[in-house]
Each structure stands twice: as structure tokens, then as C-alpha cells.
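The values are calculated or read from the model by the stated rules, or taken from the named source; none is laboratory data. Source: prediction; values computed, not measured. All Cβ positions, even for glycine, are placed from backbone atoms using ideal geometry, and neighbour counts span all protein chains on display. Calculation scope for accessible area: heavy atoms of the full protein, side chains included, ligands and nucleic acids excluded. Shrake-Rupley method; radii C 1.70, N 1.55, O 1.52, S 1.80 Å.
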Amino acid sequence: MQQAETGSVPVTDAAASGSRRVTDAAASAAPTPRRTGAILAIILLSYFMILLDNSVIFTALPSLEADLGLSAGELSWVQDAYTLVFGGLLLLGARAGDLLGRRRVFVFGLVVFSAASLLVGLATTDWWIIGARALQGVGAAIVAPSSLSLITASFPAGRERARAVALYGATAGIGASLGLVVGGAFATWISWRAGFFINVPIGLAMILLAPRFLPETERARGRFDVIGALTATLGIGAIVFGVIHAAETSWGSPVTAASLVVGAMLLVVLVLTEARVAQPIMPLRLFASRVRTGAYVGRMLYMGAMIGFFYFTTQFLQGVLGMSPIQAGVAFLPMTVVNFAVAMLIPHLTRRFGEGLPLVVGVALTAAGMLWLSRLAPDTAYLTGVALPMVVIGAGQGLVFAPLTSAGIVGATARDAGAASGLVNTFHQVGMSLGLGVLVAVAAASGTGTGVADLANQVSAALTGGSAMLGLCLVVCAALILPRMPRAAAVPEAGVGTPARPTP
């Protein structure tokens, strides 16, 4: 939705039924199907590109480690540098879109991300690849919140936006799965570097097409919340660093303790600052809605479990079942196919049942599949012990992302659109960072041996921990989102989640 100086225009959720009067120029212009198709393709391809690099690295890690001669700690930072910067700068990226125009910021983010991808592919030393991955995180933190905001700016509330958000949610789920296949394929057939070089032509094409098709939003008037931006970025970054460091060393490490304490203090300063500044980077009023708060917390828990699923299942497939990188990537395809098929049914399901019920059922299915998968052992067969649980997880994931994304922006006013979508992506990425750190610590606590049986035991422990996270996510969604989301064909009113009258 177009950025406005007043807060009177609500950003509605993506319920597939019902419509509401839209006052922004993009919606009233009623773009042609060809143009809206181009808009959606640019947004989703750009978003998919940054999601791909969250997971493309996993199946390529052994090849990368051998090529650059990295230590175990350096290897972990190849992923952590991206995750840490991505999660820490998301709110800053969202606010930049509000102040400078989202299309303009979106294109700038693509330039940064594409250039950083080229640098990753050319890396010859540890500091080079870690620094380039951090720069990728900067670009991703700019693109991700702008992409969701541009969807609300380009598609009117109702069926069109429902379809767009459903595809956005499907992209979020499929990007992680397909990244494993792409990373494994390139590592096996060409080089681990190819997984990053491929971003360059894709990014260049999106940079050239975006100014032609994407609508520009009005610039918000006001000052930039410098203190809020710094405390949010450094606070989240310090906590993520503390958890990552704890997984590498111990929770009793002075560095770990100091990082967590400093991060907590900075976040307290953030809350105090946001409560009194005129134009906060993270408006606390967004948390007044139980639906949005539930969506943010639920997303953090869900993604914490899912990143552990990808990280540890990949290790099991290669280290225990003896698969090659490409075989390990292809092994995730049953989940990816089911995920996509179910995600495409979301608009129909939400028209019939509302968004709350599919969300809760999806989380429950994911938890059931994860618990099933956690029973892994050295003699586990791929078909019955891995592929079938993946199918259940894929079905759950396909149901979850679109309603959870919609719940995170429901009822936000036009002036808070960027911040609301920024928080969706912030909790997505921070959940991955924190979740992986916690689950790595859980795996290490179950044993540090290097044999096949030891690895299977560590993976089982980590996936059990992921199942517990999903159980907490289910409680949050059932308690905070389900009772306040419309059960059938209705759209929540701004700020509260009260159903509007159905529209024929």
C-alpha cells in the first residue's frame, strides 16, 4: 500500500475473501494482469534469491571447506555472518523504505546483494568470504522488508493480494528447500562458487526491470530514529552472536555472557526509546495486537525449528546415509513438492475456513513430522524414516507461511506498513539465528563423538529440540492468533482483528 503521511489507511491481511476500500494510487490504478504478473515475478524472484542463500551453503559446505582450507569455526561463520547481519539490520531496512521510497530502496538492496554475491564467488581467503557474506546480509536486510511492502502497495486487498501473499509465503518455504538442491548440484557438478555467481545475472535483470514495473511509494516525512536503529541492530546482533558463540564454546564463556547481557541491555534501551520518540523504527503499537504479536513470536519459534531441520537433516543424509551433496539436496524434494502444492491451495482454504485454522493445523502437522523424523538412527531407511516425515513437514509448511505472514501485517496502518513487514522478516531471520544456536548446543550436549552412531544421536537430539519449539509455536498460534482471526469469509479490521462484514 502506498506510504501515507497519516495513519488512517489500514493495511489489511491477505484473507482470500472479502475486500475493502483501498485508497492508495497503486490499487486504484487497477493495473493490467500482465503488469501485475510482472510486478509479482520481480518481487518473488528477488525474494527467492535472498532466501536461496540462506540454505544454498549447507550442502556445499564440505566443498567450500576443502577449497579454502577453513577451520570449523571459520566455516560456521560463513553462514553465521550472513544470518547475523541479515537479522540485525532488517528493521533498519524496513524504516529506510518508509523514509526513502520502497522501490528505490528495493533496487539499492538488489545492487548490494548482487555485488556481494559476486564477491563471495570470487573469495580466496577466510576473511574475504566471511566479509562478503556479511555484505550479502546487508543487501538481504534491505530487500526482504521492501518486498512484502511492495506487495501491499501493488495489489488491492482481497483475492489479488491473497494470491500474492500466498505465493510470497510459498516462496519463503520453497526457497530453503530448493537451495539445498541447487547448492548440492553446483557443488557436485561445477563448483560451490556457482551457487553465488548465479545471483549476479538474476539480480541484474531484477535491477533493470524493477524501475519499469514496480510502483514507487511516497516518502514519509520526519526524522530517522538513529538511536532506535542502532540499539535494534546492535542488540539483536549481540544476542545472536552470544548464542552462536555459546554453541561454539559454552554458555559459561565470559564472551557469551557479556554478549547476552549487552544485547539485553540494548534491547531495553530500544523499548524505552521507541516508547517516547515521535517516529520510531519499531512502533510499540504494533505489539498491541495479539494477532501480530502471536505472528512474530510464532514465526521466530517456527523458523528456529525449521533451520535446525535443514541443517541437521543434511548432515544425517551425508554423514550417516552416505549421500553425495546433490543426492542430499534431491532427498528434500518430496517435502518441496508437497509444500508447493499445499501452498497453492491456501487461497481456497482461507476463503472457506479463514486463516487461523489452516495455520494451526499446519503447525501441528510440522510438529508431528519433526517428531517422527527425530527418531532417526544409523539403520534408518530413507523412505520410511526420512522421506515420509518430510512429506508431513512439507504439508505443514505449505499451510503455515501465508497465514503467518498475513497475521504479522494485519491491521497495521499505512505509516506502519514498512515496520510491520520488517518485523515479520526480522523475527523470521532472528528465529533462524537463535534457533540454530540453541539446537547446535542441544546436539553438542548429547555427545561430541564423530562416528556415525554419534552423529545420528546428535541429529536426533537436535530434531527433538526442534519438535519442542514447534510445540511452543502451536500453543502461541492457538492462544493468540486462532481466536482472533476470522473463521470464514471476512477480513479483520485494522488494529484489533475484529471481522469485517463479508463482501459479496
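Summary of values
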| item | result |
| --- | --- |
| Subset tally (residues that are open to solvent by less than 10 Å² (accessible area, probe 1.4 Å) and not in a helix (DSSP H, G or I)) for the range 359-375 | 1 |
| Some residue of the range 58-73 being polar (S, T, N, Q), touching a helix residue (DSSP H, G or I) at 6+ places or on another chain (Cβ under 9 Å), modelled with pLDDT of 75 or more and open to solvent by 30 Å² or more (accessible area, probe 1.4 Å) | yes |
| The range 88-112, residues that are open to solvent by 20 Å² or more (accessible area, probe 1.4 Å) and β-branched (Val, Ile, Thr) | Val107, Val111, Val112 |
| Pairs, first farther than 20 Å from Arg484 by Cα and touching a residue at least 12 places away in the same chain (Cβ under 8 Å) in the range 290-314, second among the aromatic types (Phe, Trp, Tyr) and not in a helix (DSSP H, G or I), C-beta under 6 Å, six or more apart | Thr314/Phe58 |
| Residues located in the range 80-118, provided they are closer than 14 Å to Leu423 by Cα and of a type outside the set (A, V, I, L, M, F, W, C) | Gly87, Gly88, Gly93, Arg95, Gly97, Asp98 |
| Which listed residue, of Ser289, Ser259, Ser253, is buried (at least 20 other Cβ atoms within 10 Å of the Cβ) and over 22 Å from the mean Cα position of the chain (by Cα) | Ser259 |
| Whichever residue in the range 382-413 is at pLDDT 90 or above and of a type in the set (Gly, Ala, Ser) and, among such residues, is surrounded by the most Cβ atoms within 10 Å (Cβ to Cβ) | Gly394 |
| Any hit, the range 26-39, residues being modelled with pLDDT of 70 or more, over 18 Å from the mean Cα position of the chain (by Cα) and aliphatic (A, V, I, L, M) | yes |
| Qualifying positions in the range 315-358 - open to solvent by less than 30 Å² (accessible area, probe 1.4 Å) and either in contact with a strand residue (DSSP E or B) (Cβ under 9 Å, 6 or more places away or on another chain) or outside any helix (DSSP H, G or I) (or both) | Val320, Ala331, Phe332, Gly354, Glu355 |
| Answer from Leu482, Leu474, Leu399 - the residue that is among the aliphatic types (A, V, I, L, M), farther than 23 Å from Val143 by Cα and within 16 Å of the chain's Cα centre (by Cα) | Leu399 |
